[in-house]
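First up is the structure itself, then whatever we jot down about it.
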Amino acid sequence: MKDLSQQIKEVARSLLQDGKVDLVIGYENGSLPLRASPCFIRSAGEVERLIWNACCETNLATYLPDTNDRVGVVAKGCDARAIVVEIAERQVARERVVIIGVPCEGIIDRRKVASRLGWKEILQANLEDGRILLAGDGFEETLPLEDSLYEACLTCEQRTPPVYDYLVGEPIPAVDVIDPFREVTTLESQGADQKWAYFSQEFSKCIRCYACREACPLCYCPECFIDQTQPSWFGKTNDLSDTLIFHVVRALHLAGRCVDCGTCSRACPMGIDLRALNRKMIKDVWERYGYRAGLDLAAIPPLSTFKLDDPQEFIK
Amino acid sequence: MMDARAIDKGRIVGLLDELIERCEVFAPVMSDDVVLFDKIAWGSEARLDFGNSKRLPKEAFFPPSEVMFIYEGAQAEAPPSKGDRVLFGIRPCDARSFLLLDKVFNTPDYQDAYYVEKRERTCVVGIGCNRPLSTCFCTSVGGGPFNEEGIDVLLSDLGDRYLVQVISERGRRLLEGNGLLGEATESDLREGNRIAAEARERVTSMVETEGLRDRLMGMYDDPFWDALHQKCLGCGVCTYLCPTCHCFDVLDEGGEQRGRRVRIWDTCQSALFTLHASGHNPRPSGRERMRQRIMHKFRYFVDNCGEIACVGCGRCIRNCPVNMDLREVLSGIMER
Amino acid sequence: MAAREQVAVQEEQVPARAEWEPRVIAFLCNWCSYAGADLAGVSRIQYPPNIRIIRVPCSGRVNPLFIIKSLQQGADGVLVSGCHPGDCHYISGNYYARRRFALLKSVLEYVGVEPGRVHFSWVSAAEGVKFSQVVTDVVESVRALGPARTLVRAELRSRKA
Amino acid sequence: MPNPYLPNSAVIQRITDENEARDIKTFQVAFCDEKVGEAFRFTCGQFAELSLWGVGECPIGIASSPMDREYVQFTVKRTGLVTTALHNREEGSTVGIRGPYGNGFPVQMMEGSNVVIVAGGFAFTTLRSLTNYILHPDNRHRFGDLTVIYGARSPGELIYKYDLEDWARRDDIQLHATVDAGDEGWTGLVGYVPTILEQVAPSSQNAVAVVCGPPIMIRFSIPVLDKQGFPPSRILNSLEMRMKCGIGKCGRCNIGDKYVCKDGPVFTFEELQNLPKEY
């Protein structure tokens, strides 16, 4: 079997050569260890830059609504789900996108790795047979890949893109997770005070930079509610209630959209547990309305529809 | 003449506790996995064993959000000034950033009362970087791992103790009569010099900045910017974690009778930053916004203040979600 | 239009704990629940005076932000009431609202807002008695919880203490 | 240390509706503290930050002449958050003011010259200040000929009609008020500002031109002035930018290395030619 990087290059080359797309968005090697960086390829001659490995973390779907080009885009399972939502919500035209699907076995969580190493600076990293070989000033260390993946990858429902035009490599089955929402149910079972304490602590770290929103492929609103001034809904300082409300409402606005790609958490410079809120909404939407985002181009988003017998146990 | 002392590492907590009795002390602390500068209640909270903090010491002068005044009826009152403060454990790059911020906030025509007032009552205790990170390029932008600019007292880690060099009169007053400090020996000084020289050698990340400003002069309409911004998400992390960024927004919170005016950090990477009320936007896309960030730091600031508005701390490089590397951007400009 | 969307109650002074009475913002749909409240009134059916009614065209018009903003600006509880399923004047506004409110209530409780703060009900124009019962239940559940603490802005919270 | 961000209280003495669409009003304000009013000395073309509690601040050019010491006037178009709230205010209510800011027109440099003012629409405000300043009996002799070409979309959209009537009666100012399209009552000029400018053909001999208006008007007026022989260094323009602090700190109104709030808002066309086209 040819390696995936090679196959991606070949698909990209033929798409560009045949004039099927103006642009291929994929990944190239980053400037730092354990980093890959999004790259924009406009001619077949440049395709050698493209790579694929467990560091290709950015959800490239984020770039699609902003361009009018015909784009070939490299997409992991979660990325492809985000693209499906963008198409279903008419933010991206299906015929403008060629999805180059890549089955993904999980992406490396740089924070996890750094914490395993006691935050020592990593100067070199190599991926090899399910292991990460790391080296720095006066140390060498090997970590198993499977212990170093993002939490989101550990509960991944869709490692193979649900929709694609090309698939490189072989489809791989979803992770068999016994209790995918364990963290959510644990929090749910706590008392109001404990929950409040947890989220207050978490969101007091927020510096209101909105990187989570900007990085999110599905936060595509031209004007975010938090930026509206007439009326101005909520404050923009580090006031805890304003901050927490921003994140709660963002999660609410992403209910039925969020595909749990984890991009927001990765963009957050303060390492806030943003997924805690998103996972809750994913769980609710699934349990109440049997809907999972980004699997079906024809599905109607759950908040744009209803059933006559939707559960209403909370209504007097 | 430089006044040099030394202190055993075991006594640094005692020194901090002594300072805490006299003034507010801000030091690097670890909160979950983020190193930030915060007011400490005990000397033992301070962490001097990490490289640079993620959150910025400039927050002590220019916090991410700050009440400018509280109004009630026709009265508007700014928050009162507090006592002396010490910023303890500042890295030399960050200390240099204060001098650059001074050039914005403390100009002859208008003094930013909030910034200047806090700055004037703050003593800066720096700590040299024995082991600069691979993303540090301070030496390329006029700084260095043991640079003294902006620092009142400089600590050098000698292994079992710190060499304590008093740089300014303010620093001298801070440590005056402190019994925990001993005189530095000749060998302490030699060791300090050796470590500083070695650290400078360890800064291997280099960026060519000679002629950068002139290069940028002719590049406003260069196609370089067309490609550069493509992968940028516009998230603004590079600006929120930059020690020299100083842009802010001003907002009111409250009603007509009672409330407050606040200022919050803002970022040139956001479309709203320059959006006119009419709907016109002079910087409509990522291309113009990315260009503004680079131009501001490496050309406009040079023209207005005579210096590059970058201290080479590498935060924007380490924290960019898409691995946009400022060093590569700058070398790309030099290659044009 | 914009000013009308402001659900701010900030100008009102928040009383001290001892004399505290719950304040509940009630968003009532024009066609059913508001008429139900009216019927309760003309029928002289008693209910607690703790609610501040805001009339909206439809429960579907209630943006979740209205509810959150009310809580942030010092309301101790919120009630949203609309037409029974099938009775919506606009055919389906309350069905869409039902999904939205389910998620809103769930996420608010998830971050630590007590379940008794935010309430929803279906009350028709003929249900004056039900309206008074709902309001009584809502006010009592809010009273049992005491003044709102979680989402309230810091400066309002300190005045409440 | 003085705090440059603290506004001074002022009372709105008078509100004048300026146009038919009623989205432009002139607010005449007086400082509550006389000493503050005395210290508020400005030149034509400067602006101030107007504040409404709970709403915010915005920069507004000063529309009255510096010779009027009892009050300050601001002409405000209802556009965004603060301007809308201001339009809802009534006479007698309080606003906050800080300033004056910006460089203003180089009035002293202009002394001894003929002055040609070219204005379109709502952008007339600071030029009206300049016109009234030049027309003041103490100043008139210090300037040469004064030509004002001012246009609006329709007669109802001409602002400062009371001034226009007054100026039309004087012989020490050549006023050419024009509209894009007239109505039954309109007997004056009809035509776009650049067209009228071409017809008037003011001499560039010892003259300074000041041009303010919508971008399209400026674009077509510059070639006319160029043809008349005005060098770029003798054409002045006042720019608008989103601003917050007004004093060169908040970092959003720069064009290249110039801050519009501090180094501007008035620039010569020569200066603008050397700045990035980012406005």
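Read-outs throughout are calculated quantities, based only on the coordinates presented, and are distinct from any laboratory measurement. Note that the structure is predicted; figures quoted are calculated from it, not measured. Here the Cβ positions follow ideal geometry from the backbone for every residue, glycine too, while neighbour counts run over all protein chains shown.
Structure notes:
- For the segment A:304-316, counting C-beta atoms of other chains within 10 Å of every residue's C-beta and taking the mean gives 6.
- Inter-chain Cβ neighbour average for residues D:210-216, partner chain, 10 Å: 0
- Charge dipole (chain D, unit charges on Cβ, about Cα centre) - positive-most of D:I159, D:P7, D:I117: D:P7
- Centroid-to-centroid separation of segment D:60-105 and segment A:23-64 [C-alpha atoms, Å]: 52
- Whole-number percent relative contact order across segment A:20-126, with pairs defined as alpha carbons under 8 Å at least 6 apart: 28
- Here chain A carries DSSP beta bridges of which approximately 65% are antiparallel, counting only pairs with both residues inside.
- In order through segment B:50-66: 3J(HN,Hα) via Karplus (6.51 cos²θ - 1.76 cosθ + 1.60), integer Hz, x for Gly, Pro: 9, x, 6, 5, 7, 7, 9, x, 4, 4, 5, 9, 9, x, x, 9, 8
- Remark: segment D:8-101 is approximated by an ellipsoid whose semi-axes, taken from the C-alpha gyration tensor as √(5λ), come to 19, 14, 12 Å, largest first.
- Summarising the amide proton neighbourhood of D:V190: residues at separation of 5 or more, or on other chains, whose placed amide H is nearer than 5 Å comprise D:V179.
- Proximal lysines relative to B:K9, as straight alpha-carbon distance under 23 Å, when same-chain residues fewer than 8 apart are discounted: A:K120, B:K39
- C-alpha long axis of helix C:93-110 to longest principal axis of chain C, angle in °: 20
- The value of relative contact order for chain D, using C-alpha pairs under 8 Å at least six residues apart, is 18 percent.
- Full extension of the chain between A:F225 and A:K120 gives 33.8 nm of extra length, using 0.36 nm per residue less the Cα-Cα distance.
- Efficiency of FRET between C:V42 and D:N88 - r from beta-carbon atoms, R0 35 angstrom, step 0.05: 0.45
- Overall shape of the protein assembly as shown was characterised from the C-alpha gyration tensor. The equivalent ellipsoid obtained from it has semi-axes of 47, 42, 34 Å, in decreasing order.
- Averaged over peptide A:266-273, the number of partner chain Cβ atoms lying within 10 Å of each residue's Cβ comes to 6.
- In a simple Cβ point-charge model (Lys, Arg +1; Asp, Glu -1; nothing else charged), the protein assembly as shown has a dipole of about 1100 debye relative to its Cα centre.
- Helix D:215-227 vs. chain D, principal-axis angle (Cα, 0 to 90°, nearest 10): 40
- Evaluated with a Cβ-only charge set (Lys, Arg +1; Asp, Glu -1), segment A:39-136 carries a dipole of roughly 200 debye about its Cα centre, given to the nearest 20.
- Candidate lysines for bridging to D:K258, where Cα separation is under 23 Å - those fewer than 8 sequence places away on the same chain excluded: B:K103, B:K297, D:K244, D:K249, D:K277
- Mean Cβ neighbour count within 10 Å, used as a protection proxy, ranking A:26-36, B:99-109, D:108-118 highest first: A:26-36, D:108-118, B:99-109
- Inter-site label distance for B:R213 and C:R55 at 7 Å from Cα along Cβ, in nm: 6.7
- Farthest positive-ward along the protein assembly as shown dipole, Cα basis, beta-carbon charges - from B:W225, A:F199, B:Y300: A:F199
- P(r), alpha carbons of segment A:178-309 - 10 Å bins starting at zero, rounded %: 11, 40, 36, 13, 1
- Average Cα contact separation per residue, chain C, under 8 Å, 6 or more apart, as relative contact order %: 35
- Per residue, the convex hull around the alpha carbon atoms of segment D:134-279 comes to 141 Å³.
- Antiparallel content of DSSP bridges confined to the protein assembly as shown, in %, to 5: 60
- Between the C-alpha center of segment D:133-165 and that of segment D:1-52 there is a gap of 21 Å.
- GNM flexibility winner over chain D from D:I216, D:I62, D:I247 (Cα, springs under 10 Å): D:I216
- Remark on chain D: Rg and Dmax equal 18.2, 60 Å (Cα only).
- Any cysteine of chain A lacking a neighbouring Cys Cβ under 4.7 Å - listed by number: A:C39, A:C55, A:C56, A:C104, A:C153, A:C156, A:C206, A:C209, A:C221, A:C224, A:C258, A:C268
- Sorting A:175-186, A:256-267, D:3-14, A:190-201 by average packing, meaning the other beta carbons within 10 Å per residue, from highest down gives A:256-267, D:3-14, A:190-201, A:175-186.
- For segment D:160-267, the Cβ-based charge dipole about the Cα centre amounts to some 760 debye (Lys, Arg positive; Asp, Glu negative; other atoms uncharged).
- Remark: C-alpha extents of segment D:25-163 on the principal axes read 46, 40, 24 Å, sorted largest to smallest.
- Unpaired by the 4.7 Å Cβ criterion, cysteines found in chain D: D:C32, D:C44, D:C58, D:C212, D:C253, D:C261
- Once you reduce segment C:115-139 and segment B:179-239 to the center of their Cα atoms, the two points are 64 Å from each other.
- Taking the charge dipole of chain A about its Cα centre, with +1 at Lys and Arg Cβ atoms and -1 at Asp and Glu Cβ atoms, the residue from A:H247, A:V11, A:N126 reaching farthest to the positive side is A:H247.
- Only lysines eight or more places from A:K307 in sequence, or on another chain, were considered; those with a Cα closer than 25 Å are A:K280, A:K283, A:K316, C:K105.
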